[in-house]
Amino acid sequence: MTIDTDKLMECIMTIGERMIISGAEVYRVEDSLTRILSAYGFTNINVFAVMPVIVICAEKTGKIYNLARRVGEQQNDMEKLRQLNSLSRYICENTPDIEYIEKKTEEIDNIRIYNIYIKNLFYFLSAASFSCISGGTPIDMTVSGILGIFLIFTLNYLRNLKINRIFTLIISTALTGVIAVLIRRCGADINTEVVIMGDIILIIPGLMLAGAVRDLFNGDTIAGLLRLSEAALSGFAIAVGFALALAFSY
């Protein structure tokens, strides 16, 4: 079976890209791609992966192949990551053709475990629960849950417009906070700070921070520092957005 090496490199790169976007550790991505390339007969394999980019350099039949790709924004999805890991192991064991890899990668891309209604229910319950933990009343919990859904919807909408992540966070949190303030000014007996506390928890970059620490402990200093910087900037943007909203209330 003859395999188009250039196209195979693209397929392998796509797997690595999807793994990073889904929240994989850098060392896991580098190890998986190295094993796949080795299974297809590549030698002198060098894979370098950080959040913004993946670079592959490998040799086969005397020809050197170089490929680099910029990685999009990270969106943690443990189910997709699990399936990508399983696909990587299958590829290493069976070296299937390119069509199979493309088909399975596309299937993983299209995985949707929960529909939009279930997701909104989870957002509502999460925001309401943390509002309750912060000392909120039933009406605080209800408003926080509804605004939590609005916050995530706004984030996704602005993200689809390709707006910078930091500005996306500032705009969406500021809008959510302003709406909470306006609801109180309209006569609703709510604690704005408690409502906002419930919503903040939905977008705190906890997984990103954990991933940064994990990369640092694994010796991937550059990747760890990049993720740590992104987590810090995200936290700063969230604080700025809600601070602007609270300033509007005084």
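The values are calculated or read from the model by the stated rules, or taken from the named source; none is laboratory data. From a predicted model like this one, the values you see are computed outputs, not experimental measurements. No Cβ is skipped: glycine too gets one built from the backbone with ideal geometry, and neighbour counts run over all protein chains shown. Side chains are part of the model used for accessible areas, which takes the heavy atoms of the whole protein and leaves out ligands, DNA and RNA. Shrake-Rupley method; radii C 1.70, N 1.55, O 1.52, S 1.80 Å.
Points worth noting:
- Pairwise centroid distance, computed over Cα atoms, of the stretch 148-171 with the stretch 1-49, Å: 31 Å
- Carbon and sulfur %, accessible surface of the chain computed with the full protein complex present, 1.4 Å: 61 percent
- Kyte-Doolittle mean at least -1.0 and Cα axial length at least 15 Å: DSSP H helices in the chain: 5-21, 26-39, 78-94, 116-133, 138-160, 165-185, 192-203, 206-217, 221-248
- The chain, relative contact order [Cα under 8 Å, separation at least 6], %: 18 percent
- Mean separation of Cα contacts under 8 Å, 6 or more apart, over the residue count of the stretch 131-250: relative contact order %: 36 percent
- In the stretch 98-153, taking the dipole from charged Cβ atoms about the Cα centre, the farthest positive-side position among 116, 139, 150 is held by 139.
- Placing +1 on each Lys and Arg Cβ and -1 on each Asp and Glu Cβ, with no other charges, gives the stretch 119-245 a dipole about its Cα centre of roughly 320 debye.
- Beyond 26 Å in Cα-Cα separation lie the following of the pairs 119/162; 60/162; 7/119; 60/80: 60/162; 7/119; 60/80.
- Set of aspartates and glutamates near residue 63 by C-alpha distance (under 18 Å), chain-local residues within fewer than 8 positions excluded: 4, 6, 10
- Ranked by the mean number of other Cβ atoms within 10 Å of their residues, highest first, the peptides 180-191, 234-245 come out as 234-245, 180-191.
- Taking 38, 131, 172 as the candidate residues, the one with maximal mean-square fluctuation in a Gaussian network model of the chain, Cα springs under 10 Å, is 38.
- Placing unit charges on the Cβ atoms only, positive for Lys and Arg and negative for Asp and Glu, gives the stretch 1-53 a dipole magnitude near 100 debye about its Cα centre.
- The stretch 1-68, relative contact order in percent, only Cα pairs under 8 angstrom and at least six apart counted: 24 percent
- Peptides 60-70, 210-220, ordered by how many other C-beta atoms sit within 10 Å of their residues on average, highest first, read 210-220, 60-70.
- Cα→Cβ-extended label distance, 7 Å offset, between residue 63 and residue 121, nm: 5.3 nm
- Each Lys and Arg Cβ is given +1 and each Asp and Glu Cβ -1; about its Cα centre, the chain then shows a dipole of about 300 debye.
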